[in-house]
1. Looking at (1) over 23 Å from Val113 (Cα atoms); (2) in contact with a Leu (Cβ under 8 Å, 6 or more places away or on another chain); (3) surrounded by 15 or more Cβ atoms within 10 Å (Cβ to Cβ), which one does Ile223 not meet, given that it meets all the others?
2. So which residues in the stretch 131-147 are under 21 Å from the mean Cα position of the chain (by Cα) and of a type outside the set (A, V, I, L, M, F, W, C)?
3. Identify the single condition in (1) surrounded by fewer than 21 Cβ atoms within 10 Å (Cβ to Cβ); (2) without any contact (Cβ under 8 Å) to a residue 60 or more places away in the chain; (3) under 20 Å from the mean Cα position of the chain (by Cα) that Ser83 does not satisfy, given that it satisfies every other one.
4. From (1) surrounded by 14 or more Cβ atoms within 10 Å (Cβ to Cβ); (2) in contact with a helix residue (DSSP H, G or I) (Cβ under 7 Å, 6 or more places away or on another chain); (3) polar (S, T, N, Q), pick out the condition that doesn't hold for Ser91.
5. So how many residues does the stretch 146-170 have that are touching an Asp or Glu at 6+ places or on another chain (Cβ under 7 Å) and crowded, with 19+ Cβ neighbours inside 10 Å?
6. Please go through the stretch 97-116 and give me each residue that is in contact (Cβ under 8 Å) with a residue 60 or more places away in the chain and either closer than 13 Å to Leu135 by Cβ or not assigned by TED's automatic domain parsing to the domain that holds Val69 (or both), ordered by number.
7. Restricting to the stretch 129-149, and then to whatever is touching a Ser or Thr at 6+ places or on another chain (Cβ under 7 Å), without any contact (Cβ under 8 Å) to a residue 60 or more places away in the chain and of a type outside the set (Lys, Arg), can you tell me which residue is farthest from Trp103 (Cα to Cα)?
8. Please work out if Leu22 is at pLDDT 95 or above and either part of a helix (DSSP H, G or I) or assigned by TED's automatic domain parsing to the domain that holds Glu98 (or both).
Amino acid sequence: MALMTITFVTGCVVRKLGRHRLGNHLIVVSMVLLLLAAWAPVSDNLLKPLETQYGALKAWPENTAIDAVVVLGGGWQPDQPWSITGKLGDSSGLRLMEGLRLWYLRPALPLIVSGSGTNSEMTIAHGYAEAAESLGVPPGRIVKLVLPKDTAEEARAVRALLGEGAHIVLVTSASHMPRAMQHFEQVGLYPVAAPTHYLVGHRQGVAYWIPSARELRKTERAIYEALGLLAIRWEH
């Protein structure tokens, strides 16, 4: 959205400077890009390769000795006067739900929840833990990682806790899973992907062909994750 806005404003400025043809072209390009980015056939095809890289973990991985279930951080609104589940964002709520589903298959394992926040006493890890406890998880089974600010830091924090070579079930959004798996593998861990929070394919019928803000967000997510994967290559 920011790129399209810059292109549109640049076109308007160029027009003011007397370059009407170039300015018009820039304005048209920005509007066409906006419509395409907000169109489901485009957003789905950009996001689908990320969401389908790892299949859903429908059953417990029987042939692997798992050391922990790890739920990566997402968004939440700790200052709102809502119940704990209402404070969790769309992605974090679904991540925690999937993490709990899998943890209940092996309740002897630790449930590691991760994520920092502007208030060290009200991080997303604290929110996850409070929600998990309200849904029946014993506090002694929950491990909070409150310092990691991004996926790379989460991977390093889990390695510091469990040790290099640990096998974990890794829960995060499907579009974020390829990047998360790379981060955790690069620090010497052996993650089993458990993706959730799928965004592709939610619209059907006529609505599929009508541009919308929802599709624009999906396109932005696809671009964000693609840039994140490129950044991993630069880091190493």
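The values are calculated or read from the model by the stated rules, or taken from the named source; none is laboratory data. Everything numeric in this text was worked out from a predicted model, so none of it was measured. So basically every Cβ, Gly included, is an ideal-geometry build from the backbone, and we count neighbours across all protein chains shown.
1. Evaluating Ile223 over (1) over 23 Å from Val113 (Cα atoms); (2) in contact with a Leu (Cβ under 8 Å, 6 or more places away or on another chain); (3) surrounded by 15 or more Cβ atoms within 10 Å (Cβ to Cβ) leaves (3) as the failure.
2. Selection gives Lys144 alone.
3. For Ser83, the exception is condition (3).
4. For Ser91, the failing item is (2).
5. Summing the residues that are touching an Asp or Glu at 6+ places or on another chain (Cβ under 7 Å) and crowded, with 19+ Cβ neighbours inside 10 Å in the stretch 146-170 gives 3.
6. Met97, Glu98, Gly99
7. Only one residue tops the list, namely Leu147.
8. no
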